[in-house]
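The values are calculated or read from the model by the stated rules, or taken from the named source; none is laboratory data. Only a predicted model underlies this, so the values are computations on that prediction, with no experimental measurement involved. Positions of Cβ are backbone-derived with ideal geometry, glycine not excepted, and every protein chain shown enters the neighbour counts.
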Amino acid sequence: MEPILLRARGTKNSRSIAAYRSAGGYRAIAKALKMEPAAVIAEVKASGLRGRGGAGFPTGVKWGFVPKDSPKPKYLICNADESEPGTFKDREIIHVDPHMLIEGIAISSHAIGANVAYIYIRGEFHAEALMLEAAIAEAAGAGFLGKNILGSGFDLEVHVHRGAGAYICGEETALIESLEGKRGLPRLKPPFPAVVGLFGCPTVVNNVETLACVPHILERGGAWYAAIGTERSTGPKLFSVSGHVNRPGVYEVAMGVSFREIIDGLCGGVRGGRALKAFIPGGSSCPVLPADKVDIGCDFESVAAAGSMLGSGGLIVMDETVDMVWALENLLTFYAHESCGQCTPCREGSDWALDVVRRIRRGFGRPQDLETLERIARFASQGMTICPLGDAFCEPIKSFLKHFGHEFEAAIAAAQPLPAAKTPVLPLRSGHGWYGS
């Protein structure tokens with residue numbers, strides 16, 4: 001497939017506005033500003049574009065939820081937090097072609113009637129924040145941001161806001177809380193941000209990759225975009241490939257190609273000539289899949305039918321040498337650390353699950369531990385928490401036990417007896433107890 005989102009790769013000074021305009025950049029905003037906002041939304045709906053941040057919700061439909069008759073200001077927020085382990089494709093867009101994102105933000109803001117937009121960027125992305133600020137200054141200097149853009153009467157300010165590195169702020173309502181200067185805790189929904197969002201006003205939150213698709217849709221048409229990929233998963237998709245492959249990196253493919261084509265083709269196969277054992281298709285919160293699922297298509301429907309999620313496209317590849325008990329411990333360490341603590345099932349369940357898996361891997365597992373893990377996963381997911389972080393740590397537990405439960409059983413079968421009570425062995429993550437107690 002001809003690159004669309006990564007077309008500027010290899011271009012000299014690709015981050016400059018001159019390079020972007022020489023490739024046709026900012027033509028789409030000129031076209032969009034001559035259209036009614038409803039017509040822009042209709043074009044995006046026709047494209048079939050779905051959110052690229054993880055949920056896969058139809059973008060045009062989401063924009064349509066913003067009330068047209070609200071007297072309050074409207075806001076657009078670009079979610080550039082990108083803290084899902086295994087995902088780094090938004091960062092690539094900012095590095096290679098930040099003006100594509102700026103133009104997408106401008107078109108999207110016009111569509112929903114927003115005159116102020118924020119880019120909420122992960123705090124560790126210091127260099128990328130500077131790149132965006134430079135691109136915003138260039139765009140404003142050329143008349144593509146600011147007052148009366150291209151003589152259309154449309155005004156737009158774009159600001160870069162740096163987060164503090166909290167995973168939970170990738171969730172849109174926690175992001176809004178953080179942007180308002182409060183602790184990043186998810187809000188109960190409803191009301192949804194499209195009605196009551198930033199500063200209590202109608203707000204749309206979209207991912208970097210989602211917004212980067214918008215200029216291409218407006219320039220070439222929704223039908224052109226919908227012709228790429230599959231019937232229900234349209235357009236190009238960026239995949240961040242990491243783990244045991246010969247050529248890890250960010251790759252752009254049409255929705256629907258198989259994971260084998262990505263791993264064996266684009267990435268040059270599994271490193272060291274080893275066999276593929278498992279892969280996580282969409283970032284660490286998505287259920288793991290065994291190697292025999294590698295021929296499924298990388299689209300929302302095919303991955304869901306296989307028992308996982310496409311998520312944000314963070315493809316994590318594991319070869320035959322990986323200890324799956326260790327892999328689950330590694331994931332749970334992250335989620336236990338990043339739980340905001342607002343919901344008891346997540347706060348207590350993530351710590352508890354980590355402690356159980358850690359004990360199994362250290363050689364002190366007990367036969368009842370697998371039932372305990374399943375019970376934790378059952379009571380901390382599927383609507384038991386305000387935000388999806390409960391599901392984010394529970395889905396890996398369920399899928400690891402489903403597909404690789406025999407490794408956990410083997411580790412438990414080889415376990416040593418627990419040390420005598422009150423013997424200080426392997427302190428809990430929180431430091432409040434002992435495994436032997």
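Just need a number here: residues in region 90-113 that are in a loop (DSSP other than H, G, I, E, B) and surrounded by fewer than 24 Cβ atoms within 10 Å (Cβ to Cβ). Working first, answer last.
First, the residues of region 90-113 that are in a loop (DSSP other than H, G, I, E, B): 97, 113.
Those left that are additionally surrounded by fewer than 24 Cβ atoms within 10 Å (Cβ to Cβ): 113.
Going through region 90-113 one residue at a time, the tally reaches 1.
Can you pull out every residue in region 278-318 that is in contact with a strand residue (DSSP E or B) (Cβ under 7 Å, 6 or more places away or on another chain) and of a type in the set (Asp, Glu)?
The answer is ASP295, ASP299.
Give the residues of region 1-22 that are over 20 Å from LYS237 (Cα atoms) and surrounded by fewer than 16 Cβ atoms within 10 Å (Cβ to Cβ), sorted by residue number. Let's see the steps before the verdict.
First pass over region 1-22, keeping only residues over 20 Å from LYS237 (Cα atoms): 11-22.
Listed by number, the residues that qualify are THR11, LYS12, ASN13, ALA18, ARG21, SER22.
Out of PRO236, PRO248, report the one residue that is at pLDDT 95 or above and either touching a Pro at 6+ places or on another chain (Cβ under 9 Å) or more than 24 Å from ALA392 (Cβ to Cβ) (or both). Walk me through how you get there before you give the answer.
On the way: PRO248 fails: either touching a Pro at 6+ places or on another chain (Cβ under 9 Å) or more than 24 Å from ALA392 (Cβ to Cβ) (or both).
Only one candidate passes the filter, namely PRO236.
Take the residues in region 49-66 that are in a loop (DSSP other than H, G, I, E, B) and at pLDDT 95 or above, then tell me which one is surrounded by the most Cβ atoms within 10 Å (Cβ to Cβ). If you could, list the steps in order and put the result at the bottom.
First pass over region 49-66, keeping only residues in a loop (DSSP other than H, G, I, E, B): 49, 51-57, 65-66.
Pick out the ones that are also at pLDDT 95 or above and you get 49, 65-66.
On the way: LEU49: 26, PHE65: 13, VAL66: 24.
Of everything passing the filter in region 49-66, LEU49 is surrounded by the most Cβ atoms within 10 Å (Cβ to Cβ).
Taking region 66-90, which residues are in contact with a strand residue (DSSP E or B) (Cβ under 8 Å, 6 or more places away or on another chain), closer than 20 Å to VAL214 by Cβ and of a type outside the set (S, T, N, Q)?
Of everything in region 66-90, those that are in contact with a strand residue (DSSP E or B) (Cβ under 8 Å, 6 or more places away or on another chain), closer than 20 Å to VAL214 by Cβ and of a type outside the set (S, T, N, Q) turn out to be VAL66, LYS74, TYR75, LEU76, ILE77, CYS78, ALA80, ASP81, LYS89, ASP90.
Of the numbered conditions (1) in contact (Cβ under 8 Å) with a residue 60 or more places away in the chain; (2) over 22 Å from LYS89 (Cβ atoms); (3) in a loop (DSSP other than H, G, I, E, B), ILE176 satisfies every one except a single condition; which is it?
It fails just one condition, (3).
Would you be able to say whether some residue in region 205-223 is outside any helix (DSSP H, G or I) and hydrophobic (A, V, I, L, M, F, W, C)?
Filtering region 205-223 for residues outside any helix (DSSP H, G or I) gives 205-207, 221.
Next, from what is left, pick out any that are hydrophobic (A, V, I, L, M, F, W, C): 205.
Looking through region 205-223, at least one residue is outside any helix (DSSP H, G or I) and hydrophobic (A, V, I, L, M, F, W, C).
From the list PHE259, PHE334, PHE279, which residue is aromatic (Phe, Trp, Tyr), outside the structural domain of LEU354 (by TED's automatic domain parsing), in contact (Cβ under 8 Å) with a residue 24 or more places away in the chain and closer than 19 Å to LEU401 by Cα? Let's see the steps before the verdict.
Working: PHE259 fails: closer than 19 Å to LEU401 by Cα; PHE334 fails: outside the structural domain of LEU354 (by TED's automatic domain parsing).
Being aromatic (Phe, Trp, Tyr), outside the structural domain of LEU354 (by TED's automatic domain parsing), in contact (Cβ under 8 Å) with a residue 24 or more places away in the chain and closer than 19 Å to LEU401 by Cα holds for just one of PHE259, PHE334, PHE279, which is PHE279.
Going by the conditions given, is ALA140 surrounded by fewer than 22 Cβ atoms within 10 Å (Cβ to Cβ), outside any helix (DSSP H, G or I) and either of a type outside the set (Ser, Thr, Tyr) or at pLDDT 95 or above (or both)?
Numbers: surrounded by fewer than 22 Cβ atoms within 10 Å (Cβ to Cβ): yes; outside any helix (DSSP H, G or I): no; either of a type outside the set (Ser, Thr, Tyr) or at pLDDT 95 or above (or both): yes.
For ALA140, the condition - surrounded by fewer than 22 Cβ atoms within 10 Å (Cβ to Cβ), outside any helix (DSSP H, G or I) and either of a type outside the set (Ser, Thr, Tyr) or at pLDDT 95 or above (or both) - is not met.
Of the residues ILE77, ILE41, ILE29, which single one is among the aliphatic types (A, V, I, L, M) and not in a helix (DSSP H, G or I)? Before the answer, list the steps.
Values: ILE41 fails: not in a helix (DSSP H, G or I); ILE29 fails: not in a helix (DSSP H, G or I).
On inspection, the qualifying residue turns out to be ILE77.
Residues ILE376, ILE360: which one is at pLDDT 95 or above, more than 19 Å from SER285 (Cβ to Cβ) and hydrophobic (A, V, I, L, M, F, W, C)? Show your work before the answer.
On the way: ILE376 fails: more than 19 Å from SER285 (Cβ to Cβ).
The unique qualifying residue is ILE360.
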